[in-house]
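Report on the structure given below.
The values are calculated or read from the model by the stated rules, or taken from the named source; none is laboratory data. All values reported here derive from a predicted model rather than from experimental measurement. Counting neighbours? That spans all protein chains shown, and the Cβs are built from the backbone with ideal geometry, glycine included.
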Amino acid sequence: MLADRLKTLAPSSTLAVQAKAKELKRQGVDVISFGAGEPDFDTPERIKEAAIQAMRHGHTKYTEVGGVPELRAAVCAKLKRDNGLAYEPTDVLVSCGAKHTLFNLAVAMLNPGDEVLVPCPFWVSYPEQARLVGAVPVGVPTQEATGFDLDPEQLRAAITPRTKVIVLNSPNNPTGAVFSPASLAAVARLAVDANLFVVSDECYEALTFEGRHVSIAGLGPEIKARTLTINTCSKAYAMTGWRIGYAAGPRELIRAMTDVQSQVTSNPSSVAQWAAIEALVGPQDEVAKMAGEFDRRRRLIVRGLNELPGVSCIMPKGAFYVFPNVSQLLGRTWRSADGPATIRGSVASTSAPTITCACRTPPASR
Ligand SMILES: Cc1ncc(COP(=O)(O)O)c(C=O)c1O
């Protein structure tokens, strides 16, 4: 019954963990979920109010596929204000979350067999979306010793005649790395020399605690002409459920992605679009407040992790993730409430620093 492409599709593991946590909570279990990347703050009141006003003013119909002009103008203003990037509203597409933006891109740009370089560890959707359209994701290792910074030489070594795209994600999910300006500049040169396209997923920009956020498209006109900059309202404004992501880049590509979207979802929710305008152009002080709280928590959790025997964890510079190293625990057994349990796993060879780890308890006690 199902298409061949489904044979290799891995469902989103983060969403699966989140669903499991929600189910346990429903059963009354006290669970702290570290699954999906979702702020626990509520959407700021001013943004909710903008949505209510939008409904009252009748903004409840289909809109332009790529977003109302006011929102695309707000995105341009944001990119100028925060990133020093000059775009026109016709260079912008608004979608149902950045995940949707990325899928529009995959459909609009990738042919079967095209290779996509993804520094790893990576966010789970990049390789799966590439596979869904027949492209080939290629993991390129980063190292714990450099804080999981981009490694331009490893990227260069992974290029083949089929390579088309490099995916960058800084601040990074899941390592919390903020890529250094020097490595971004080197990758920009590499992309221009090797005629590659760059996707810069900057969804965690607002959560940069150390170093500074650099948009690779801002490093010069040549790299800007071959970069799609992606961002979202989900993380900075605690708006995960509203589903508003956006992208700016070469006009021809934006037009193609908009055409794809026109045949799949049409516009993102009209009401959410008006809320997003308020999010992007209104006062930004809640963003700094939320970022301050995430900064406090990152220190707390890294300290706690480093106090655990056999666990070490470097301090993430951005986003709200930690990436602890548990390699010393692999193969150890311990006695849990359910009986003896063994930590299984390996340091995955294709994604050098990634450790997959599973706990096995005897079947009877599962
Ligand atoms: C790196 C990264 N990019 C994109 C997204 C998607 O964000 P959204 O679709 O909510 O805009 C996420 C969500 O977790 C993410 O971690």
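A few remarks follow.
- Filtered residue count, region 151-176, keeping only those that are without any contact (Cβ under 8 Å) to a residue 60 or more places away in the chain, surrounded by 23 or more Cβ atoms within 10 Å (Cβ to Cβ) and more than 18 Å from Leu228 (Cα to Cα): 1
- On inspection, Ala272 qualifies as touching a Lys or Arg at 6+ places or on another chain (Cβ under 9 Å), outside any strand (DSSP E or B) and in contact (Cβ under 8 Å) with a residue 60 or more places away in the chain.
Yes/no matrix, rows are residues, columns are (1) at positive phi; (2) within 16 Å of the chain's Cα centre (by Cα); (3) β-branched (Val, Ile, Thr):
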{"position": "Cys120", "(1), (2), (3)": "no, yes, no"}
{"position": "Glu144", "(1), (2), (3)": "no, no, no"}
{"position": "Lys164", "(1), (2), (3)": "no, no, no"}
{"position": "Ser170", "(1), (2), (3)": "no, yes, no"}
{"position": "Ala177", "(1), (2), (3)": "no, yes, no"}
{"position": "Ser180", "(1), (2), (3)": "no, no, no"}
{"position": "Val187", "(1), (2), (3)": "no, no, yes"}
{"position": "Ala206", "(1), (2), (3)": "no, yes, no"}
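- Of the residues making up region 23-56, those that are away from the ligand (no atom under 16 Å from the Cβ) and either among the aromatic types (Phe, Trp, Tyr) or part of a helix (DSSP H, G or I) (or both) number 15.
- Failed criterion for Arg212 (all others in (1) within 19 Å of Phe320 (Cα to Cα); (2) at pLDDT 95 or above hold): (2)
- Scanning region 203-221 finds one or more residues that are near the ligand (Cβ under 10 Å from one of its atoms) and in the same structural domain as Met257 (by TED's automatic domain parsing).
- Qualifying residue in region 76-93 (condition: among the β-branched types (Val, Ile, Thr) and at pLDDT below 95): no
- Within region 25-38, considering residues that are surrounded by fewer than 13 Cβ atoms within 10 Å (Cβ to Cβ) and aliphatic (A, V, I, L, M), the one farthest from Tyr321 (Cα to Cα): Val29
- Scan region 193-202 for residues that are within 16 Å of the ligand (Cβ to nearest atom), in a strand (DSSP E or B) and of a type outside the set (Ser, Thr, Tyr) and the total you get is 3.
- Only residues that are surrounded by fewer than 14 Cβ atoms within 10 Å (Cβ to Cβ) and in contact (Cβ under 8 Å) with a residue 40 or more places away in the chain were counted across region 58-69, and they come to 3.
- Any chance His59 is at negative phi and within 13 Å of the ligand (Cβ to nearest atom): no
- Flag for Glu252 being assigned to a helix (DSSP H, G or I) and closer than 30 Å to Phe209 by Cα: no
- Only listed residue being more than 14 Å from the ligand (Cβ to nearest atom) and either crowded, with 21+ Cβ neighbours inside 10 Å or touching a residue at least 60 places away in the same chain (Cβ under 8 Å) (or both), chosen from Glu307, Glu278: Glu278
- Checking each residue in region 156-192 for being of a type in the set (Gly, Ala, Ser) and either in a helix (DSSP H, G or I) or within 16 Å of the ligand (Cβ to nearest atom) (or both) picks out Ala157, Ala158, Ser170, Gly176, Ala177, Ala182, Ser183, Ala185, Ala186, Ala188, Ala191.
- Within region 1-22, the only residue that satisfies the criterion of being in contact with a helix residue (DSSP H, G or I) (Cβ under 7 Å, 6 or more places away or on another chain) and outside any loop (DSSP other than H, G, I, E, B) is Arg5.
- Close pairs (8 angstrom Cβ cut-off, 6 or more residues apart or separate chains): of a type in the set (Ser, Thr, Tyr) in region 117-138, surrounded by fewer than 22 Cβ atoms within 10 Å (Cβ to Cβ) anywhere: Ser125/Ser12; Ser125/Lys99; Tyr126/Pro137
- Which listed residue is touching a helix residue (DSSP H, G or I) at 6+ places or on another chain (Cβ under 8 Å) and under 17 Å from Val198 (Cβ atoms), from Thr101, Thr63: Thr101
- Scanning region 262-274 for residues that are within 14 Å of the ligand (Cβ to nearest atom) and either surrounded by 17 or more Cβ atoms within 10 Å (Cβ to Cβ) or small (Gly, Ala, Ser) (or both) turns up Pro268, Ser269, Ala272, Gln273.
- Checked across region 235-248, the condition of being charged (D, E, K, R), in the same structural domain as Ser95 (by TED's automatic domain parsing) and either part of a helix (DSSP H, G or I) or within 16 Å of the ligand (Cβ to nearest atom) (or both) holds for at least one residue.
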